[in-house]
Structures are given as C-alpha cells and as structure tokens.
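J.: Take a look at the following structure, please.
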Amino acid sequence: MFNDIGPLELLTIIVIAVLVFGPDKLPKVIQDVMRTIRKIREFSESAKADIRQELGPEFKDFEFEDLHPKTFIRKHLDSDELGLKEIRNGFDLKKEMAEVTEAVQTYDTDASSSSSATPSAGPSGPSGSSGGRVDMTKKPEEDGRPPFDADAT
C-alpha cells in the first residue's frame, strides 16, 4: 500500500503525527487507523466474494486484478493464441534498419553513377530533376506574385 514512501517521508509523517496528536494519544490513533484499514479490507474482500458468487461458475477463474488495463493487455497479448510471440521474435529492428540503410546507400551510389555516366540536357536533366532526384527547393515566382487560383476566390 505504501510502497513508494521512502524512509525520510516516513520519518516526517511520524514526527508530524507526534506533534499533532501528542505522544500520549498516538498509540490510540494508530490502533484506530489500523482497525479502519482492516474493516475496509474485509469489506472489499466481502464485496469481491459476493460478485464472484453472483457471476456463477463460468467466472470461477475471474480475477479483479485482470480489470486493470495494463494487466488485461499483458495477459491477452502474452497468450500465444494470436501468434504474436513468433512475430515479435522474428522481427529484428536493427537488421531491418541496416537493410533499409544499405538499400538507400546503394540507390544513391547507383543514381549518382548513372547521372554522371549519361549526358543530360542541361543542369537539371531531361525530366527537370537531377540524377533521378526530385528538387524540393522552392522556386521563386517569375513576376513575384503568387499563382492565381480561381477556385479559392
């Protein structure tokens, strides 16, 4: 319940409790808090038992912890019904990225060697692109005005 409380926080809580309740009443307050926590746990377990009884024998293996989203997803994805383990084990991201990088580098060297080997008609080549590459730079307008779009007006 208090898994994330460190020793310094616990010491601070104890000091504040002693200051607020006093050393005489502190044991009684601790007993009352523990009794309340026990009653809440008993009420919770009783409610869980009632729900299990009402659900019937079809849900005898039902666990309330499975309703937590992380637990639910982990339980259903770890089952091998979908074959996800084979997919996960068969997929190597580093290998895939190395193959893609190699393919891109091979394409770049092929494109640069083919563009230097064949004469082109002008600086941008016959199709308006340099060596199979698309020119993504923004060309300035010839007269400085943006193009007219009849549909936009």
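J.: Within the range 38-69, track down each residue that is of a type in the set (A, V, I, L, M) and loosely packed, with under 11 Cβ neighbours inside 10 Å.
T.: Once the filter is applied, which keeps residues that are of a type in the set (A, V, I, L, M) and loosely packed, with under 11 Cβ neighbours inside 10 Å, the range 38-69 yields 40, 49, 67.
J.: Being surrounded by 11 or more Cβ atoms within 10 Å (Cβ to Cβ), part of a helix (DSSP H, G or I), touching a residue at least 12 places away in the same chain (Cβ under 8 Å) and under 34 Å from the mean Cα position of the chain (by Cα): is that true of residue 75 here? Give the steps one after another, and end with the answer.
T.: Numbers: surrounded by 11 or more Cβ atoms within 10 Å (Cβ to Cβ): yes; part of a helix (DSSP H, G or I): yes; touching a residue at least 12 places away in the same chain (Cβ under 8 Å): no; under 34 Å from the mean Cα position of the chain (by Cα): yes.
So residue 75 does not fit the description; no.
We did not get these values from a lab; they are worked out from the coordinates using the rules stated. Please read these numbers as outputs of a predicted model, since none were measured by experiment. Heads up, the Cβs are rebuilt from the backbone with ideal geometry, glycines too, and the neighbour counts pull from every protein chain shown.
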